[in-house]
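The block underneath contains the structure these notes are about, expressed in structure tokens.
A short reminder: the numbers here are calculations on the coordinates, not readings from a lab. This structure is a prediction, so every number in the text was calculated from the model and none was measured. Cβ: placed from backbone, ideal geometry, glycine included. Neighbour counts: every protein chain shown.
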Amino acid sequence: MFERELRKSGAGYVIALVEGPVGTGKTTLVRLFENKFDGRSLEDGRTLRAIYINCGVARRFYAAVLEAVQQLIPQLPRRGLSIDELLGILVDQLKERNYHAVLLFDDFDYLQEVTEEKRRPTGYLSSLLHSLLRLSEHAGEPYLSLAFTAKDFTSLLRLLAGSIISTLTAARRFRLKPYTADELCDILRDRAEQGFFPGTWSDEIIRLVADIGEQEGGDARCAISILYYAAQIAESKGATEILPDHIREAAGSVLPSDLENAIYSMTRHEILVLLSIARLFDLKPDAAYITMGELEREYQATCEEFDERPRAHTQLWHIVRRLSALHVIHAVVSSHGQRGRTTNIRLALHKPSAARLREVLERELAEEMDNYA
Ligand SMILES: Nc1ncnc2c1ncn2[C@@H]1O[C@H](COP(=O)(O)OP(=O)(O)OP(=O)(O)O)[C@@H](O)[C@H]1O
Ligand SMILES: [Mg+2]
């Protein structure tokens, strides 16, 4: 599609939406695009520059655009530019360097503006997107193409204002389907051949993991993780090959991909808050909910343990809202509390257990410490 559009000497640009459930290859697809197309010459002499931006890491729209511009122009000043100034510099530079840039915004639904848009009737996200889309639409200035990935654009489009919706609805939309067991077999066999010694795995094992992966929503990441953990389990037990029982054990402890992604995009204090929640539920196996007050006390203790200064009450609130927006927890305000309104919190996912979540987050925080050291 890109080749066809961009060959239309000078005039073409592309806006593409790539959507699909977790682990269906969205990132793999845009990364492949980046590898194949970045630096390629177009027929009219322009150079195609494919720029990958991880929105989960950037967190905010401005930071994502800044990241894109910095990849194109490394000497750009770091601070003090408005979004329109930033986009102005982007267009000037693209013209000057004779580039056609394709900005690949991966995990667009992880941007804070998207997760918060529901509470902002002002159409803030729409206006940001409008500035960006206008650049590609600008007649005679086809210097910019855009691709976005998200789990689902239908709900995202609903948040946007009219003109943006019509632009994005006209965009090419690609739906990646969950992988079938057969497709997962191909992916897993490839990984096994690359990663394991011959004789330590069998086709039967691959099939078993692929079947579980299909049941888990056709999620390739989940399937690969199960195979990886199974190999570790086999090794730790001194087995010379991976057995079905290792697979079953591994399948029970792999984190759902949504949760893994969410953790990846969290700040240290968001992880500290989630760890505090996991600890409270681990300590109270019969509790369905915890209260904000309980959380606040536990969070202060957790911060002390990890040598962090606890954030103030209002900021703790923001963190709880962010964790809810990431669908990791549910926070419900109840009016039946004895002392008026209280906020009750529960974990949003059935898997993993609070104990396992706790273990994962503790390891995550310890690893982060190592990285700082
Ligand atoms: N077609 C494929 N061939 C080989 N490996 C694949 C393929 N699709 C996905 N994978 C692997 O599966 C894992 C998950 O894929 P990927 O990260 O692209 O999914 P995603 O759709 O971006 O998921 P998310 O919604 O979590 O961002 C990665 O390790 C990736 O390398
Ligand atoms: Mg991805």
How much length is gained if the chain between E3 and Q75 is pulled fully straight, taking 0.36 nm per residue apart and subtracting their Cα-Cα distance, in nm to one decimal? 22.9 nm
Dipole magnitude of the chain about its Cα centre (Cβ charges: Lys, Arg +1; Asp, Glu -1), debye to nearest 20: 1360
Distance in nm between label sites at E305 and Q93, each 7 Å beyond Cα in the beta-carbon direction? 4.4
Tail beyond 26 Å, pair distance distribution of the range 259-372 (Cα, percent): 12
Taking H as built 1.01 Å from N, whose amide H comes closer than 5 Å to the amide H of V18, not counting residues under 5 places away? F148, T149, A150, F174
What nm value, rounded to one decimal, do you get for the distance between Q232 and R341 when each label is placed 7 Å out toward the C-beta? 4.3
Take the Cα atoms of the range 121-264, find their three principal axes, and give me the spread along each one in whole Å, biggest first. 63, 33, 23
Net charge within 10 Å of R49 by Cβ-Cβ distance, Lys/Arg positive one each and Asp/Glu negative one each, not counting R49 itself? +1
Looking at the chain, what % of its DSSP beta bridges pair antiparallel, to the nearest 5? 30
Mind checking Rg over Rh on the range 21-169, alpha carbons, Kirkwood formula for Rh? 0.95
Antiparallel %, DSSP beta bridges [both residues in the range 2-175], to 5: 5
Computed D for the chain, Stokes-Einstein, Kirkwood radius over alpha-carbon pairs, 4 °C, 1.567 mPa s, to the nearest µm² per second, is 56
Taking the Cα centre as origin and putting +1 on Lys and Arg beta-carbons and -1 on Asp and Glu beta-carbons, what dipole magnitude results for the range 73-229, to the nearest 20 debye? 620
Net charge within 11 Å of A331 by Cβ-Cβ distance, Lys/Arg positive one each and Asp/Glu negative one each, not counting A331 itself? +3
Extension gain (nm, one decimal) between R248 and R175, 0.36 nm per residue minus Cα-Cα: 23.2 nm
Based on the Cβ-Cβ distance of D211 and I165, what FRET efficiency does E = 1/(1 + (r/R0)^6) give at R0 = 45 Å, to the nearest 0.05? 0.65
Long-range share for the range 189-250, i.e. C-alpha pairs more than 18 Å apart as a percent of all pairs, stands at 24
Can you give the calculated 222 nm mean residue ellipticity of the chain, where each DSSP H run of n ≥ 4 adds -39,500 (n - 2.57) and the sum is split over every residue, rounded to the nearest 500 deg cm²/dmol? -17000 deg cm²/dmol
